[in-house]
Amino acid sequence: MTIRTHIIGQSFTSAPRAETADLLEAATKAHRYIERFRVSGPDGCYWVDTPDAEPDLGFENGAAGIAYFYLALFESTNNSDYGRLSSEGFRYIRRHWRKQLRIRHPYANQHFELNVNSGIGSIASALITHYEATKEAASLAVLREIADYFADAAERNKGDVRWTGLPYYALGDSGIALLLLRMAIALNDESLRSLAIASAKTIVNSQTASPRGGKSWDVKPDGYPYSFPNFVIGTAGIGYAMSVFYDYTQDEAFLFSAKSAADYLHALIVPLDEGALVPLMDDPQDRTFYLGACHGAAGTSKLIYQLYIMTGESRYKRTIEEMSQGILGLGAPEVQSSGYWNNTCVCCGTAAILQLYIAWYMVFGNRQYLDVAIRCAQVLLGEAEEVGNGAIAWPLAETRLEPDTITLNKGYMHGSAGIANTLLQLYQVLNGSVHWHRLMDDPYPEHFEPNRTRGDSNEPAH
């Protein structure tokens, strides 16, 4: 395996082209790698590093994310073998979702297993998507079980509703609140809807004025002197959840909260030689700019986009354009920078940028966004490593602070399943028609006909 290092200014390896055949071939070769880890039995299948390992059924690196990948691979190819793998993966998850309650993060509190990143919340998020795609009653039945579990675990106090006591999206209560709203819609459950809205209002009430401008949430993990402003555990992700609650309820308190969160991000945004970006932390001296979904523009721009389509205010469109210029001005997708290290995954790396630019192309119809997406795919194809028997995987450093620790992860957020999934999105675009089942943290369109695009418009496409 080639050891890839993080050197600011160093270029990734890019393939000479990224055409539909290349993209589909890469996705099928990624499947061959993931197949090495499959364990099948009478209850379905899951994927583990060793056959005797305890299965991780969550979305981040476990079975839910891989089953979601196979759903996309099936719908992109109509190959029944991929459909069977997705179905078998979700069947195992439905029967054994409680196993995820035993998987704990070493630094998280006792409620970690509820989160929408890797806990049972992430399983529910994937099951919602699976149910919407297949209408399988069994997935809806398990959503009922998980919803009841969340309702029983809620801490209620004088109208406030909490689970973790943290407002974070990926690991905290705003993600759980949004999940409950989505489950309430799927289950047509008014009591669950009321619980979701009460928890969202609790989160709104914990938002405070920031000395930098706007309003934010206190999101300082242990050991960090400054807050994280971006998506996965920052104000951008929480504000995004509040924007969805406004879209559903038309309660102006949620819109005000989301817009105040965006005002905070605008107060932090740093002008660059080209464009502007929100830094990793709200330290006025911070000049580390992640570009991916977790702490970078690919995630933070979801809130800005939501506000643009809800309000039509041109300032939000300008911010998206500034963020795009900032990403490209730092040399992405080909060149590494301080927050874009030797990582190509869908959480923090090249695949996240690819997914972002495809979405922007679908919304705005700007061919330049598609061109950037193709360049991202060329990087992903160039960085793929042949691992024998017609399989590929992506060697990458999952953590910026440990750039010499290289993994060949099979999972969705940090490995082959997620990277291949973004290649499938581009494959569908180039193939002439997009039909994509979005996750609940993804506000972009599910359907798109490229030959019907209106060109780069100042109005959102619906």
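The values are calculated or read from the model by the stated rules, or taken from the named source; none is laboratory data. In this text the structure is predicted, and so the values were computed from the model without any measurement. So basically every Cβ, Gly included, is an ideal-geometry build from the backbone, and we count neighbours across all protein chains shown. Side chains are part of the model used for accessible areas, which takes the heavy atoms of the whole protein and leaves out ligands, DNA and RNA. Shrake-Rupley method; radii C 1.70, N 1.55, O 1.52, S 1.80 Å.
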Practice item. Please report, in cubic angstrom per residue, the volume enclosed by the convex hull of the alpha-carbon atoms of the range 7-63. Key: 154 Å³
Practice item. List the longest stretch of the chain that has no exposed loop site; here a site is one of the trypsin sites (Lys or Arg not before Pro) assigned by DSSP to anything other than H, G, I, E or B, with at most 14 other Cβ within 10 Å. Key: 288-437
Review point. What are the residues whose amide H is under 5 Å from the amide H of Gly296, where those residues sit 5 or more places off or on another chain and H is modelled from the backbone?
Key: Phe231
Study note, to complete from the structure: Probe 1.4 Å, heavy atoms of protein chains only: per residue, the accessible area of the chain in Å² is 38 Å²
Study note, to complete from the structure: A 1.4 Å probe over the protein heavy atoms gives the chain a carbon and sulfur accessible-area percentage of 47 percent
**Study point:** Mean residue ellipticity (222 nm) of the chain, computed from DSSP H runs ≥ 4 via -39,500 (n - 2.57), nearest 500
**Key:** -16000 deg cm²/dmol
Check your understanding: Quick one: Karplus J couplings for the range 175-192, per residue in order, coefficients 6.51, -1.76, 1.60, θ = phi - 60°, nearest Hz, x for Gly and Pro?
Key -> x, 5, 4, 5, 4, 4, 4, 5, 5, 4, 5, 5, 8, 6, 10, 5, 5, 5
Point to revise | Listed values (i) -0.23, -0.31, -0.83, -1.02; (ii) -0.55, -0.65, -1.02, -1.10; (iii) -0.45, -0.56, -0.96, -1.07, entry calculated as log10 I(q)/I(0) by the Debye sum over Cα atoms at q = 0.06, 0.07, 0.11, 0.12 Å⁻¹ | key: (i)
Check your understanding: Are there GluC sites (Glu not before Pro) in the range 303-376 that DSSP marks as loop and that have at most 14 other Cβ atoms within 10 Å, and which are they?
Key -> Glu313
Check your understanding: Applying the Karplus parametrisation 6.51 cos²θ - 1.76 cosθ + 1.60 with θ = phi - 60° to the phi angles of the range 353-360, what ³J(HN,Hα) value in whole Hz is obtained for each residue in order, glycine and proline being reported as x?
Key -> 5, 4, 4, 5, 6, 4, 4, 5
